[in-house]
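Undergrad: Below is the structure I would like to discuss, written out as structure tokens.
The values are calculated or read from the model by the stated rules, or taken from the named source; none is laboratory data. Values in this document were obtained by computation on a predicted structure and should not be read as measured data. No Cβ is skipped: glycine too gets one built from the backbone with ideal geometry, and neighbour counts run over all protein chains shown.
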Amino acid sequence: MGGTGDTTPLAELLDERQHLIDVARWMLGAGPTAEEAVTETYRRWYGLTDEERAGISDPRVWLTKSTGTICLARLSAPGRQLPGPGEVDADAGIEPDPDLSEEVSDVLLNALGALSPSERAAFVLNDVFAMPPGTVADIVGRSPHECAELAESARRSLRADRAHPTPSHQHDRIVRAVRQACVLNDARHLVSLLSLHAIAFFDGGGKIRALTRPVHGDQHVAQALLTLLAPRPRTVLHLQAANGRTAIVVRHHAQVAAVISFDITDERVTHVWAVLNPEKLRGWNRPHPPADGHGAVRHV
């Protein structure tokens, strides 16, 4: 020992810890519960031998997997203690703290609480932190395909969790207004159409350089949409049905480049789901569309 070969810049260490806290807060809620999960993660790290730590090529990935596993265990069986380093106990855990963090809206956090532990883990790790399918599978303890299905089930539950479902004609009117605000680059009007706690998800699937974390709040969501949909030559915003509701379909050089759908409650947009992954848009770019002319997008 005594060398500096394994020294890591302080800024990276602080960023690493904040990343782990973010993962824990999304899965467990804010407050001491998330902090305890991260503390347990580092305890396990230092419980490894020097040789074991040296054999870990990417400590951040290892720490993230450990934090996810710890959080999943806590969600699976509230009220029990966590296993020690090297132990596998899928039933260990404590009750998540109900307090809310600044980064997670109360609407979404409460909705997440209604999901099963596996659904919540798959959704958070896949959609919020854009982790590779293999990593998500390792944490959840299922195959990548099963995790994709769990994440999709979570999305369906979150989309259905609305106190007052918006009638189709109102939904259509609001989406048309959103499109118009984007076309005119009218930030003030766009913000007025969004819920104060609106959240936007951008699914690039690692195939396009898109935001990898959700955007929170009406001002930030509006700015993200206006930036994404900034006027460019040969780029057009159409209105078309997706998953049975009016959505914004973005075409660039006549090819569908994005499908953006919306959840609306009390005449305000609460969730924005932007599919940018070219693989998921293949069905929209087939030479012969379905007979009804309506595409369908899976948010996986």
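Undergrad: Collect the residues in segment 268-300 that are in a loop (DSSP other than H, G, I, E, B) and at pLDDT 85 or above, keeping them in residue-number order.
TA: The answer is 276, and nothing else.
Undergrad: Follow-up question, since we're still on this one. Just checking, how many residues over segment 257-280 are of a type in the set (A, V, I, L, M) and surrounded by fewer than 21 Cβ atoms within 10 Å (Cβ to Cβ)?
TA: So the answer is 1.
Undergrad: A further question on this structure: Answer with yes or no whether residue 183 is of a type outside the set (Gly, Ala, Ser), on the phi < 0 side of the Ramachandran plot and surrounded by 18 or more Cβ atoms within 10 Å (Cβ to Cβ).
TA: No; evaluated as a whole, the condition is false for this residue.
For every residue, the table says whether it meets (1) within 24 Å of residue 214 (Cα to Cα); (2) at pLDDT 85 or above; (3) in a loop (DSSP other than H, G, I, E, B).
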{"position": "3", "(1), (2), (3)": "no, no, yes"}
{"position": "14", "(1), (2), (3)": "yes, no, no"}
{"position": "33", "(1), (2), (3)": "yes, no, no"}
{"position": "37", "(1), (2), (3)": "yes, yes, no"}
{"position": "62", "(1), (2), (3)": "yes, yes, no"}
{"position": "65", "(1), (2), (3)": "yes, yes, no"}
{"position": "70", "(1), (2), (3)": "yes, yes, no"}
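Undergrad: While we're looking at this one, here's another question. Got at least one residue in segment 103-113 being more than 30 Å from residue 207 (Cα to Cα), of a type outside the set (Lys, Arg), modelled with pLDDT of 65 or more and part of a helix (DSSP H, G or I)?
TA: Checked against the condition, which is being more than 30 Å from residue 207 (Cα to Cα), of a type outside the set (Lys, Arg), modelled with pLDDT of 65 or more and part of a helix (DSSP H, G or I), segment 103-113 yields at least one hit.
Undergrad: Filter segment 126-138 for residues that are at pLDDT below 80 and either of a type in the set (A, V, I, L, M, F, W, C) or in a helix (DSSP H, G or I) (or both); which is surrounded by the most Cβ atoms within 10 Å (Cβ to Cβ)?
TA: Restricting to residues being at pLDDT below 80 and either of a type in the set (A, V, I, L, M, F, W, C) or in a helix (DSSP H, G or I) (or both), the top hit is 126.
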